[in-house]
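These notes concern the structure reproduced below.
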Amino acid sequence: PPHFMNLADHSVVRDAHYETTAVLDCYLRDSSTAPFVSKMLIQLFGISNPSPRFVRTAAMAFRTGTFRFDADGVNVVFGDGRYSDLGAVFAAILVDRESRSVTLDADPSHGSMREPLLKLMGF
């Protein structure tokens, strides 16, 4: 049966807030969250079938909160080291060789397929 809280009792509201925070933290720290979020973000940026290496790189940036990139001999660090830092994840996605490769752009199976109606409207 459903259980309704008495909102006039502030200790119950406080306890509900702590329980909700604990559950969300548990979901965020689950081992499958980093790869799932990373793959969804990669697909949102237009690569519908990312390689496992690409997902692993973005998931590692999600877990560690940092992403290191060597730009012509200069080591650039993205993120501040906090778990689930999205700045590091976005940097890992945008700077990765799979998202910047000209060779992969020429491959018709790489990237994302548009829905038929969107393709027709964009024509």
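The values are calculated or read from the model by the stated rules, or taken from the named source; none is laboratory data. Because the structure is predicted, anything quoted here is derived from the model rather than measured. Cβ placement follows ideal geometry from the backbone for every residue including glycine, while neighbour counts extend to all protein chains displayed. For accessibility, only protein heavy atoms count, side chains too; no ligands or nucleic acids. Shrake-Rupley method; radii C 1.70, N 1.55, O 1.52, S 1.80 Å.
Run through every distinct alpha carbon pair of region 1-108 and return the Kirkwood hydrodynamic radius in angstroms, one decimal place.
16.2
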Determine the per residue accessible area of region 1-72 with all protein chains present and a 1.4 angstrom probe, expressed in square angstrom. 73
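Ser31 to Ala71: FRET efficiency via 1/(1 + (r/R0)^6), r the Cβ-Cβ distance, R0 35 Å, to the nearest 0.05?
For Ser31 and Ala71, the calculated efficiency is 0.65.
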